[in-house]
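Here is the structure we will look at.
The values are calculated or read from the model by the stated rules, or taken from the named source; none is laboratory data. All values derive from a computational prediction rather than experimental measurement. Here the Cβ is made from the backbone with ideal geometry for all residues, glycine too, and neighbour counts use every protein chain on show. The accessibility values were calculated without ligands, DNA or RNA, using every heavy atom of the protein model including side chains. Shrake-Rupley method; radii C 1.70, N 1.55, O 1.52, S 1.80 Å.
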Amino acid sequence: MAVEAIARVPRSPGPLGRLGARILDVLQVLGEATSLFMATARATAFAPIDRQRVVAQMVRVGTDTLPIGALLSVFVGMVLVVQAADQLRDVNESVLGPIVGLAMTKELGPVMMAFLLAGRAGSAMAAELGSMTVYDEINALRTMDIDPVRFLVMPRFVAATLSLPLLILYSDFIGVWGGALVVALDPAVKLTVNEYFARMLEWVHLSDIVVGLVKGLVFGMVASIVPCTFGLRTRGGTEGIATATTSAVVWSFILILVFDFMIVRGSFAA
């Protein structure tokens, strides 16, 4: 009997077993996020009716992000000018404007603001919905015949999707003027502010700004759906809430970078 009992003890999975389990977990998360995205997209038809909740979430997602977004953008613009000017000192500093303009509008502005939104507002979404899931408030809503997707997820989704492109424009403007501030005040930069903006306007076109705004729409969807997905799948009390919040931010960052590559590749292919 003892031999049979020992024989029934399950063995720990090997490397392939652990890899397979990890792949299944990833597919499970992606499947749940896709399903929630589809349900939320259908629920956006009620956005005009639920506009008060949408506006409240836009204030939390957008307005509260303005100060830290401005601080981040202005220093990134300043660092870009200082770093590029040092490399171009013996070549041609007139391309400083185009470098800052294209970098901010097409890449740094969208990615920075998306990371900021995912880390700040996305973590709050995951923690709030995770707490509601753990303490059975989501089930209570279903008991009262209230759709949690429409009541909780849709306002956050619409708010993030609409707010992020506006935050990107705001970041582009602040970053470009941060670079201009260095051009105006740093004696090591042999370039006038007028030349800085003139060359920038020659190189930066409306299509470059549109690419950044398209990224903002996609990143806003990712930075809201992923945290809401982890919030609704939270298990295990306060420890589970902390784990879900961390996972939501990490997954959001990864998917933002994945979609960033896909959009950039698609724009070059076009």
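Worth pointing out:
- Just one of (1) at pLDDT 90 or above; (2) open to solvent by 30 Å² or more (accessible area, probe 1.4 Å) fails for Pro227. It is (2).
- From Met125, Met78, residue being within 30 Å of Glu202 (Cβ to Cβ), crowded, with 18+ Cβ neighbours inside 10 Å and modelled with pLDDT of 90 or more: Met78
- Filter result for Ala160 (exposed (fewer than 15 other Cβ atoms within 10 Å of the Cβ), aliphatic (A, V, I, L, M) and within 30 Å of Ala103 (Cα to Cα)): no
- Filter result for Asp172 (acidic (Asp, Glu) and touching a Gly at 6+ places or on another chain (Cβ under 7 Å)): yes
- So Phe151, is it open to solvent by 30 Å² or more (accessible area, probe 1.4 Å), of a type outside the set (Val, Ile, Thr), assigned to a helix (DSSP H, G or I) and under 23 Å from Val79 (Cα atoms): no
- Among the residues making up the range 168-186, those that are in contact with a helix residue (DSSP H, G or I) (Cβ under 9 Å, 6 or more places away or on another chain), open to solvent by 10 Å² or more (accessible area, probe 1.4 Å) and either modelled with pLDDT of 95 or more or assigned to a helix (DSSP H, G or I) (or both) are Leu169, Tyr170, Asp172, Phe173, Ile174, Val176, Trp177, Leu181, Val182, Ala184.
- Taking the range 193-270 and the helices (runs of 4 or more DSSP H) fully enclosed by it, the elements with 2 or more residues that are of a type outside the set (Phe, Trp, Tyr) and closer than 20 Å to Leu167 by Cβ are at 206-232, 237-269.
- Meets criteria (at negative phi, under 17 Å from the mean Cα position of the chain (by Cα) and surrounded by fewer than 16 Cβ atoms within 10 Å (Cβ to Cβ)) for Ile23: no
- The range 81-102, residues that are in a loop (DSSP other than H, G, I, E, B) and either in contact with an Asp or Glu (Cβ under 9 Å, 6 or more places away or on another chain) or open to solvent by less than 50 Å² (accessible area, probe 1.4 Å) (or both): Leu88
- Pairs, first without any contact (Cβ under 8 Å) to a residue 40 or more places away in the chain in the range 13-28, second open to solvent by less than 90 Å² (accessible area, probe 1.4 Å) and not in a helix (DSSP H, G or I), C-beta under 7 Å, six or more apart: Ala21/Pro13
- Meets criteria (touching a Lys or Arg at 6+ places or on another chain (Cβ under 9 Å), within 27 Å of Asn194 (Cα to Cα) and among the hydroxyl-bearing types (Ser, Thr, Tyr)) for Ser73: no
- Of all residues in the range 187-219, those being open to solvent by 30 Å² or more (accessible area, probe 1.4 Å), of a type in the set (Lys, Arg) and within 18 Å of the chain's Cα centre (by Cα) number 0.
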